[in-house]
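The values are calculated or read from the model by the stated rules, or taken from the named source; none is laboratory data. Because the structure is a prediction, the values reported are computed rather than measured. Backbone-built Cβ (ideal geometry, glycine too); neighbour counts: all protein chains shown. All accessible areas refer to the heavy atoms of the entire protein, side chains included, with ligands and DNA or RNA removed. Shrake-Rupley method; radii C 1.70, N 1.55, O 1.52, S 1.80 Å.
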Amino acid sequence: MSEHLVRLTAAELGERLASGDVSSVEATRAHLDRIAAVDGAVHAFLHVDGERALETAAAVDRRRTAGESLGPLAGVPIAIKDVLVTEGMPSTAGSRILEGWVPPYDATPVRKVREAGMIPLGKTNMDEFAMGSSTEHSAYGPTYNPWDLERIPGGSGGGSAASVAAFEAPLALGSDTGGSIRQPAHVTGTVGVKPTYGAVSRYGSIALASSLDQVGPVTRTVLDAALLQDVIAGHDPLDSTSIPEAWPSMAEAVRRADVAGLRIGVVKQLDSDGFQAGVRSRFHEALELLERNGAEIVEVSAPHFEYSIAAYYLILPAEASSNLAKFDSVRFGLRVTPEGGGTVEQVMGATREAGFGPEVKRRIILGTYALSAGYYDAYYGSAQKVRTLVQRDFDAAFAKVDVLATPTAPTTAFKLGEKLDDPLAMYLNDVATIPANLAGVPGISVPVGLAPEDGLPVGIQFLAPAREDARLYNVGAALERLLVEQWGGPLLDRAPDLSSHEMAAAEEGVV
Amino acid sequence: MARAELMDFDEALELFEPVIGLEVHVELNTRTKMFSAAPNPANSEFHGAEPNTLVAPVDLGLPGSLPVVNGEAVRNSISLGLALGCGIAESCRFARKNYFYPDLAKNYQISQYDEPIAFEGSVEVELENGRVFQVPIERAHMEEDAGKLTHVGGSTGRIHGAEYSLVDYNRAGVPLVEIVTRPIFGGEADAPALARAYVSTIRDIVISLGISEARMERGNLRCDANVSLRPRAAAGEPAEPLGTRTETKNVNSFRSIERAVRHEIQRQAAILAKGGTITQETRHWHEDTGTTSPGRPKSDADDYRYFPEPDLLPVVPSRELVEELRAALPEPPAARRRRLKTEWGFTDLEFLDVLNGGLLVEVAETVAAGASPAAARKWWTGELTRLANARDTDAASLVTPAEVAELAALVEAGTLTDRLARQVLEGVAAGEGSPKQVVDARRLAVVSDDGALVAAIDEALASQPDVLAKIRDGKVQAAGAVIGAVMKAMQGKADAARVRELVLERAAGADAGA
């Protein structure tokens, strides 16, 4: 029973809850049991609050019994990336500097999730302050890819993706600054969506780079992502950059999915030898499948995409260096006092020295430099110009096609430690995902199979014009349906059984 | 610290030309803060709140919090910009000014850098000696205030040497407009007075706009004074380049502004005359000694790593809004003062009396409520100022202009003598009601019934036969004793002039009757 419940999609579970044949308490307990069983091996969670989750679930069950009309995801458990602040639940953003801090308020997406009757299970692991592509930069140890525990689950949102891939949660909230939702989806065989910049409020999302950050869904199916985006999207007066206009239903777009006549542009510059052979082959097979079902495949050029990473690694550190200045020990979080005491500046310095990891320090130094007088124009200023050029590339492309398609990332999941000492190699992982953040356009990653050479998941990324998120759900859902038919079941059915680790975890008494 | 050597002021002026530049920070009195919904302590309703009680997550820089621009603060800033004769930007952005300091919760201040909301204006400033200057305004920009540190222990009250420091974030996020002048030339010996008059004019402007409480002692209005000297060019030679400036921070009374500028001129002159150089630095003003001392060195290369604030959209004031606000601007204070002085027919001295008492608004409103300008001036600068001083408060807090006008009307009608009127004011100030209500309750109206007066006069004359004799002998001034006795008997509630008339009448009558 319990095992069965965790394998339901969020939409299926929602229906079972609505029909009254399963209670939210049962569903929540099933997921907590699963976490207890496998998270010792996966380490997707930094914090699990089972007691509060069960209380919340019981409250939703009572409302349902009382005849209250509830939303489609009411009673469904959800995992929350630790970058989002949660009232009464620790929020660290994967950093030592926030260890033990319990926020006094909920991030807007968390509030909306609660208002929809969903059950927050806990907080998921991430690269410190979302800086990384492997979750190895978490101050609390890495997360392991459920497909192969020696490999990375992607990053920065490796915890959210792994929790969903390991059936510890039906869905999760993530955040995507340069690919932190989509790249983990690609390497874990899950679905990840970065909505249009401004679609989901950033209020309560611990800022990495304010002009790039966007909160979005991490799920096992396109429909689940759509249902979650319908919950969390919408204008928030507390975020000035959130879009005031109302959104159409993404779930509706999924249900009406049809690619007949859809023009799909393949970005020439992101379809090269730089991509792993198996990633490219699955990508092209997916395109052919879409073409056979009525889509039109067109090659388009985005000549400035190649400068995206360079621009991104100036804009992101610049904004991050300023956003992370507030972590100074004065009002919250870690405080380290030098031996024998010290001035406030010395305490700030000692705290930041001890509280930030090496990747965070690297980017703060980079960003501080890029904004310095005399360098601003050459670095930050030029990067903003590149950003404009990337936006123009998108504009030109979308004048010809409805959506763009790329492989989500250059390779399948690499091994832990493989790129830890080579920051540039790590940064290159986001080559296909970064342009969307620079331009503020939405992107989705959908699983398209396993790479023949290593048997690891591969994702395809679709990109749409700003505010046209529904196009992503349309093409993503259509492709998903065709592939699942072809495979005879979801890709994750082929993921390794973690039950052997259940034994190991139970024996070691982990969690 | 060695006391700085000063040059005689007149001598300094002979050798050097002073150039000043002023930065005035105005705290807006909006109900909420610049970027959060927390109550604004610069609004008098929330003044004096317990430390750290007027704070939202944004003001504490809590992770995940985001700023939202206060629209009322933007409108007020535009109004102020227009009142300063500035152009209003069609679009302007906020920027982050990055520096670490414990009173700055985010360790960056949201300010405006290269895109201020208002730019290129001019303010007419009139000195007490009648000189009029046009002070050029470079810009006025919006920003947020920082919190407040209290350094405990140590002797200086400064962070260095303190045992520990307390921080109150109530002030963090208070909306500020910083008004920056261009270098002001030509002040010469009046430069210190000009600095003072300029800040006073800014205060008048923000009060007339109603956008700030403008109380310098509360820090609603704060001034940083830049001063530099340059040698006088020989006749026919081009002007010397500007000298190195110092910035004296937080000079927080009108008197101090004048003193601080004067002090800096004398201090810098002494250094320059000896062949020394001025260090570009911020300096602290010491009210007690009337001197400045060096703060941290400052240079144009101070690196605040400004960049556009990515959490906020550009502010794009519509031209309709700007014109609407322009149409609603009050009369400029200088023009208003000139107009009122003429309308009221006051002498320079009388008008100065009103201005220096800060009673222009009160007098004007009293006149508008029907009183004569002379009566309005008399009550506000006289009895009401005395009452206010005795109570250590503002005259305006004791009575309303309408009440003063009502009182003046009662005096005009003969219902009250000046002496009675003073008692009535005391009653009104004590909260006993309107002047009429106090008159009734305290039975203070002048006795206008001649019968009652005649009875009292006859009694007084009868008891002072020698006085009666003197009056009969033509020594009219002797009537004073009788008048005094009658006024006493009437408890002051009689018109002394009428009493005098009647005394003389009765004395004559008594004579006839004898």
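Which condition breaks for B:Glu90 when tested against (1) in a loop (DSSP other than H, G, I, E, B); (2) open to solvent by 20 Å² or more (accessible area, probe 1.4 Å); (3) within 14 Å of another protein chain (Cβ to nearest Cβ); (4) within 22 Å of B:Tyr306 (Cβ to Cβ)?
(3)
Here are some conditions: (1) closer than 30 Å to A:Thr343 by Cα; (2) without any contact (Cβ under 8 Å) to a residue 12 or more places away in the chain. B:Arg215 meets all but one. Which one does it not meet?
With respect to (1) closer than 30 Å to A:Thr343 by Cα; (2) without any contact (Cβ under 8 Å) to a residue 12 or more places away in the chain, B:Arg215 is out only on (1).
Kindly indicate whether A:Gln384 is over 22 Å from the mean Cα position of the chain (by Cα), under 16 Å from A:Gln269 (Cα atoms), polar (S, T, N, Q) and at pLDDT 95 or above. Outline the logic, then answer.
Working: over 22 Å from the mean Cα position of the chain (by Cα): yes; under 16 Å from A:Gln269 (Cα atoms): no; polar (S, T, N, Q): yes; at pLDDT 95 or above: yes.
Spelling it out, it is not the case that A:Gln384 is over 22 Å from the mean Cα position of the chain (by Cα), under 16 Å from A:Gln269 (Cα atoms), polar (S, T, N, Q) and at pLDDT 95 or above.
Quick one: count up the residues across segment B:353-392 that are modelled with pLDDT under 85 and under 14 Å from the mean Cα position of the chain (by Cα).
Of the residues in that region, 5 qualify.
Within segment A:329-358, which residues are in a loop (DSSP other than H, G, I, E, B), surrounded by 13 or more Cβ atoms within 10 Å (Cβ to Cβ) and within 36 Å of the chain's Cα centre (by Cα)?
So in segment A:329-358, the residues in a loop (DSSP other than H, G, I, E, B) come out as A:329-343, A:356-357.
Filter again for surrounded by 13 or more Cβ atoms within 10 Å (Cβ to Cβ), leaving A:329-336, A:338, A:342-343, A:356-357.
Selection gives A:Ser329, A:Val330, A:Arg331, A:Phe332, A:Gly333, A:Leu334, A:Arg335, A:Val336, A:Phe356, A:Gly357.
Name, by its number, the condition in (1) modelled with pLDDT under 95; (2) closer than 23 Å to B:Asp168 by Cβ; (3) of a type in the set (A, V, I, L, M) that does not hold for B:Ala4.
B:Ala4 satisfies all of (1) modelled with pLDDT under 95; (2) closer than 23 Å to B:Asp168 by Cβ; (3) of a type in the set (A, V, I, L, M) except (2).
Which one of the conditions (1) crowded, with 21+ Cβ neighbours inside 10 Å; (2) under 21 Å from A:Gly216 (Cβ atoms); (3) touching a strand residue (DSSP E or B) at 6+ places or on another chain (Cβ under 9 Å); (4) not basic (Lys, Arg) does A:Gly449 fail to meet, given that it meets all the rest?
For A:Gly449, the failing item is (2).
For segment A:225-241, what are the residues that are farther than 16 Å from A:Ala466 by Cα and assigned to a loop (DSSP other than H, G, I, E, B)?
A:Asp236, A:Pro237, A:Leu238, A:Asp239, A:Ser240
Of all the residues that make up segment A:454-492, how many are in a helix (DSSP H, G or I) and either at pLDDT below 95 or basic (Lys, Arg) (or both)? Please lay out each step first, then the result.
Keep residues of segment A:454-492 that are in a helix (DSSP H, G or I), which gives A:469-487, A:491-492.
Still in the running and either at pLDDT below 95 or basic (Lys, Arg) (or both): A:471, A:481.
Adding up the residues that qualify gives 2.
Considering each of A:Ala373, A:Ala325, A:Ala318, A:Ala383 in turn, give the residue that is within 13 Å of chain B (Cβ to nearest Cβ), aliphatic (A, V, I, L, M) and in a loop (DSSP other than H, G, I, E, B).
On the way: A:Ala325 fails: in a loop (DSSP other than H, G, I, E, B); A:Ala318 fails: in a loop (DSSP other than H, G, I, E, B); A:Ala383 fails: in a loop (DSSP other than H, G, I, E, B).
Answer to the check: A:Ala373.
Give me a count of the residues in segment A:211-224 that are at the interface with chain B (Cβ under 9 Å from one of its Cβ atoms) and either open to solvent by less than 10 Å² (accessible area, probe 1.4 Å) or outside any loop (DSSP other than H, G, I, E, B) (or both). Give the derivation first.
Filtering segment A:211-224 for residues at the interface with chain B (Cβ under 9 Å from one of its Cβ atoms) gives A:211-212.
Checking which are either open to solvent by less than 10 Å² (accessible area, probe 1.4 Å) or outside any loop (DSSP other than H, G, I, E, B) (or both) leaves us with A:212.
The total comes to 1.
Given the condition within 17 Å of B:Gly81 (Cα to Cα) and out of contact with any Gly (no Cβ under 6 Å at 6 or more places or on another chain), answer yes or no: does some residue in segment B:159-174 qualify? Quick ask: steps written out before the conclusion?
If we filter segment B:159-174 for residues that are within 17 Å of B:Gly81 (Cα to Cα), which is where we start, we get none.
Scanning segment B:159-174 turns up no residue that is within 17 Å of B:Gly81 (Cα to Cα) and out of contact with any Gly (no Cβ under 6 Å at 6 or more places or on another chain).
Conditions tested, residue by residue: (1) in contact with a Pro (Cβ under 9 Å, 6 or more places away or on another chain); (2) under 30 Å from B:Asn250 (Cβ atoms).
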| position | (1), (2) |
| --- | --- |
| B:Thr277 | no, yes |
| B:His286 | no, yes |
| B:Tyr304 | no, yes |
| B:Asp311 | yes, yes |
| B:Leu321 | no, no |
| B:Ala327 | no, no |
| B:Thr342 | no, no |
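Which residues, taken from segment B:8-55, are open to solvent by 20 Å² or more (accessible area, probe 1.4 Å), farther than 22 Å from B:Asn250 by Cα and within 14 Å of chain A (Cβ to nearest Cβ)?
Within segment B:8-55, B:Thr32, B:Ala37, B:Asn52, B:Val55 meet the criteria.
Between residues in segment B:492-510 that are touching a residue at least 60 places away in the same chain (Cβ under 8 Å) and residues that are charged (D, E, K, R), which pairs lie under 6 Å by C-beta distance while being six or more apart or on different chains?
Close Cβ pairs satisfying both conditions: B:Gly492/B:Arg419.
Can you find a residue in segment A:365-372 that is within 25 Å of the chain's Cα centre (by Cα) and either open to solvent by 50 Å² or more (accessible area, probe 1.4 Å) or in contact (Cβ under 8 Å) with a residue 24 or more places away in the chain (or both)? Let's see the steps before the verdict.
So in segment A:365-372, the residues within 25 Å of the chain's Cα centre (by Cα) come out as A:366-367.
Then keep just the ones that are either open to solvent by 50 Å² or more (accessible area, probe 1.4 Å) or in contact (Cβ under 8 Å) with a residue 24 or more places away in the chain (or both); that gives A:366-367.
Checking segment A:365-372: at least one residue is within 25 Å of the chain's Cα centre (by Cα) and either open to solvent by 50 Å² or more (accessible area, probe 1.4 Å) or in contact (Cβ under 8 Å) with a residue 24 or more places away in the chain (or both).
The rows are residues; the columns are (1) part of a loop (DSSP other than H, G, I, E, B); (2) out of contact with any strand residue (DSSP E or B) (no Cβ under 6 Å at 6 or more places or on another chain); (3) open to solvent by 10 Å² or more (accessible area, probe 1.4 Å).
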residue	(1), (2), (3)
A:Ala18	no, yes, yes
A:Ala37	no, yes, yes
A:His47	no, no, yes
A:Glu51	no, yes, yes
A:Ala57	no, no, no
A:Thr92	yes, yes, yes
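Taking only segment B:24-55 into account, find how many residues are touching a residue at least 40 places away in the same chain (Cβ under 8 Å), of a type outside the set (Val, Ile, Thr) and within 15 Å of B:Glu144 (Cα to Cα).
Number satisfying all stated conditions: 15.
Being modelled with pLDDT of 95 or more, open to solvent by 40 Å² or more (accessible area, probe 1.4 Å) and in a loop (DSSP other than H, G, I, E, B) narrows it down to one of A:Pro72, A:Pro103, so name that one. Before you say what the answer is, go through the steps one by one.
Working: A:Pro103 fails: open to solvent by 40 Å² or more (accessible area, probe 1.4 Å).
It is A:Pro72.
Do you know which residues across segment A:260-287 are open to solvent by 40 Å² or more (accessible area, probe 1.4 Å), assigned to a helix (DSSP H, G or I) and closer than 17 Å to A:Gly476 by Cβ?
If the condition is that a residue be open to solvent by 40 Å² or more (accessible area, probe 1.4 Å), assigned to a helix (DSSP H, G or I) and closer than 17 Å to A:Gly476 by Cβ, then A:Arg282, A:Glu285 are the ones that fit.
Taking B:Gln134, is it open to solvent by 10 Å² or more (accessible area, probe 1.4 Å), farther than 22 Å from B:Leu329 by Cβ and not in a loop (DSSP other than H, G, I, E, B)?
On the way: open to solvent by 10 Å² or more (accessible area, probe 1.4 Å): yes; farther than 22 Å from B:Leu329 by Cβ: no; not in a loop (DSSP other than H, G, I, E, B): yes.
Considered against the rule, which asks whether it is open to solvent by 10 Å² or more (accessible area, probe 1.4 Å), farther than 22 Å from B:Leu329 by Cβ and not in a loop (DSSP other than H, G, I, E, B), B:Gln134 comes out as no.
Tell me which residues, restricted to segment B:422-437, are open to solvent by less than 60 Å² (accessible area, probe 1.4 Å) and either in contact (Cβ under 8 Å) with a residue 40 or more places away in the chain or of a type in the set (S, T, N, Q) (or both). Reasoning before the result, please.
The first filter runs over segment B:422-437 and keeps only residues open to solvent by less than 60 Å² (accessible area, probe 1.4 Å), leaving B:423-425, B:427-429, B:433-435.
Matches in segment B:422-437: B:Gln423, B:Leu425, B:Ala429, B:Ser434.
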